[in-house]
Amino acid sequence: MIFTDLAIADLRFPTSLSLDGSDAMNPDPDYSAAYVVIRTDAEDGHEGHGFAFTIGRGNDVQAAAIASLRPYVVGRPVAAVLADLGGLWRDLVHDSQLRWLGPEKGVMHMAIAAVVNALWDLRAKREGLPLWQLLSRLSPEELVDLVDFRYLSDALTREDALDILRAARPGRAGREEHLLREGFPAYTTSPGWLGYDDDKLRRLCKEAVADGFGQIKLKVGADLADDVRRMTIARQICGPDYRIAVDANQRWDVPTAISWMRELAAFDPYWVEEPTSPDDVVGHATIARELAPIRVATGEHIANRVVFKQLLQLDAVSYVQIDATRVAGVNENLAILLLAAKFGVPVCPHAGGVGLCELVQHLSMFDYVAVAGDMRDRVIEYVDHLHEHFVDPVVIRRGRYVAPTAPGFSATIHPRTLSEYAYPDGPVWSSTASKQVAHAPQPRRAKEGTNHG
Ligand SMILES: [Mg+2]
């Protein structure tokens with residue numbers, strides 16, 4: 001039994017035409033997926049689905065990067081590859097020539113994420129389990145074999161990781177039951193887009209509280225007076241003890257982050273997210289030190305586990321925001337979950353975009369059951385957008401993610417969507433307006449953007 005095909009689709013959703021929201025750095029994204037379907041000659045007919053999330057232009061570059069990985073999959077034996085996804089991860093990441101394009105960051109690394117995640121989807125489907133449950137039932141030894149400790153061992157060794165996983169093992173079954181019964185806490189970013197007027201902000205804050213969410217997040221960073229006014233409204237509506245996080249989407253340099261957030265400190269922000277460049281580890285440490293007790297969160301643009309390690313070593317973050325497709329897939333996120341557990345920092349994943357909620361819920365649930373063993377102070381971002389394109393969409397009930405039970409990684413997109421949103425020839429893209437947006441960079445609009453988590 002071998003892998004027979006690794007098909008790639010350039011899917012784009014014209015979200016920039018109907019701006020539902022906004023952030024300070026991403027004014028016109030067309031949510032996109034460089035989408036992978038891996039097929040085998042097995043009689044069960046299962047396929048592995050995965051994707052890299054991008055925001056429009058460049059999705060073709062992302063797709064080309066994924067295509068360069070085909071030789072690592074097509075023609076190889078299915079059982080052997082799926083039984084050693086740690087080995088495959090190392091093969092992909094350490095390709096002696098492709099590695100030059102990173103190393104371990106950016107387009108090539110995200111391509112590896114798409115392929116690795118598709119293989120995990122296939123393995124979970126073949127084993128008849130949702131991915132979170134499949135991972136939660138692996139032994140500590142099997143789990144550490146999935147991780148490359150080469151650049152982590154000054155902070156996290158294989159033995160450290162085994163200790164963490166073994167310590168969590170006795171409670172696994174009870175936490176799995178608890179998760180199936182109660183779900184996992186979510187927070188919503190929906191009220192907080194910069195482009196919404198004050199009435200809409202008020203209405204959506206009320207809805208978030210009424211819907212059972214224990215936390216919202218507001219986009220900030222474009223205009224301080226606007227931020228003060230919007231935080232005033234949100235605090236009035238949600239009440240004094242409600243969690244209101246803010247997200248600057250990398251808008252500031254370090255001194256500006258500090259001075260701006262001091263102006264917002266009176267509103268008791270729960271965390272400040274992406275205050276500055278995701279590469280600036282020391283800058284994050286400075287911001288965290290200067291703004292304490294306001295907590296700093298980041299991760300959706302952190303390139304790899306090595307940068308996460310440094311952020312943790314320097315006490316630069318209070319929340320680790322893993323992203324399912326930014327680093328090289330499940331294996332690298334497992335490394336980051338272990339690092340966060342070692343440093344005692346909660347993981348609160350980034351989601352939104354297209355399909356990111358579907359994927360990352362599995363990683364948080366696995367973290368709860370088998371790694372950190374703790375749900376306190378953990379919350380998964382939720383954005384109510386584009387879920388209808390997925391065969392196994394996320395389910396939110398009373399402000400919590402319901403644990404998925406369908407086998408796989410919840411990554412499968414409906415066949416109809418694959419044809420309708422194919423770029424540039426699918427019917428959705430045949431309209432002139434859509435093509436204009438996609439083909440030409442738009443001038444930056446100061447206060448608009450879309451719902452980018
Ligand atoms: Mg964000």
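The values are calculated or read from the model by the stated rules, or taken from the named source; none is laboratory data. Treat the numbers as computed from the prediction; the structure is a model and nothing was measured. All Cβ positions, even for glycine, are placed from backbone atoms using ideal geometry, and neighbour counts span all protein chains on display.
At-a-glance table
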quantity	calculated
Failed criterion for residue 303 (all others in (1) more than 14 Å from the ligand (Cβ to nearest atom); (2) surrounded by 20 or more Cβ atoms within 10 Å (Cβ to Cβ); (3) assigned to a loop (DSSP other than H, G, I, E, B) hold)	(2)
Flag for residue 362 being within 13 Å of the ligand (Cβ to nearest atom) and touching a residue at least 60 places away in the same chain (Cβ under 8 Å)	no
Matching option when the condition is under 25 Å from residue 191 (Cα atoms), buried (at least 20 other Cβ atoms within 10 Å of the Cβ) and either within 16 Å of the ligand (Cβ to nearest atom) or modelled with pLDDT of 95 or more (or both), among 65, 34, 24, 52	24
Residue among 297, 257 that alone is crowded, with 19+ Cβ neighbours inside 10 Å, closer than 23 Å to residue 26 by Cβ and out of contact with any helix residue (DSSP H, G or I) (no Cβ under 9 Å at 6 or more places or on another chain)	297
Yes/no for residue 399 being surrounded by fewer than 24 Cβ atoms within 10 Å (Cβ to Cβ), away from the ligand (no atom under 16 Å from the Cβ), within 24 Å of residue 170 (Cα to Cα) and of a type in the set (Gly, Ala, Ser)	no
Leading residue by the ranking (nearest to the chain's Cα centre (by Cα)) among those in region 264-276 that are within 18 Å of residue 346 (Cβ to Cβ) and not in a loop (DSSP other than H, G, I, E, B)	273
Residue pairs meeting the criteria (Cβ under 7 Å; at least 6 apart or on separate chains; first at positive phi, in region 290-310; second crowded, with 21+ Cβ neighbours inside 10 Å and of a type in the set (S, T, N, Q))	299/321
Conditions (1) among the β-branched types (Val, Ile, Thr); (2) in contact with a strand residue (DSSP E or B) (Cβ under 7 Å, 6 or more places away or on another chain); (3) within 16 Å of residue 424 (Cβ to Cβ); number of the one not met by residue 61	(2)
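Residue-wise test of (1) within 17 Å of the chain's Cα centre (by Cα); (2) among the aliphatic types (A, V, I, L, M); (3) buried (at least 24 other Cβ atoms within 10 Å of the Cβ); (4) part of a helix (DSSP H, G or I).
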site	(1), (2), (3), (4)
278	yes, no, no, no
286	no, no, no, yes
290	no, no, no, yes
310	no, no, no, yes
316	no, yes, no, no
324	yes, yes, yes, no
331	yes, no, yes, yes
338	yes, yes, yes, yes
352	yes, no, yes, no
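Condition check ((1) under 22 Å from the mean Cα position of the chain (by Cα); (2) assigned to a strand (DSSP E or B)) across all residues:
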residue	(1), (2)
126	no, no
134	yes, no
150	no, no
170	no, no
173	no, no
181	no, no
188	yes, yes
208	yes, no
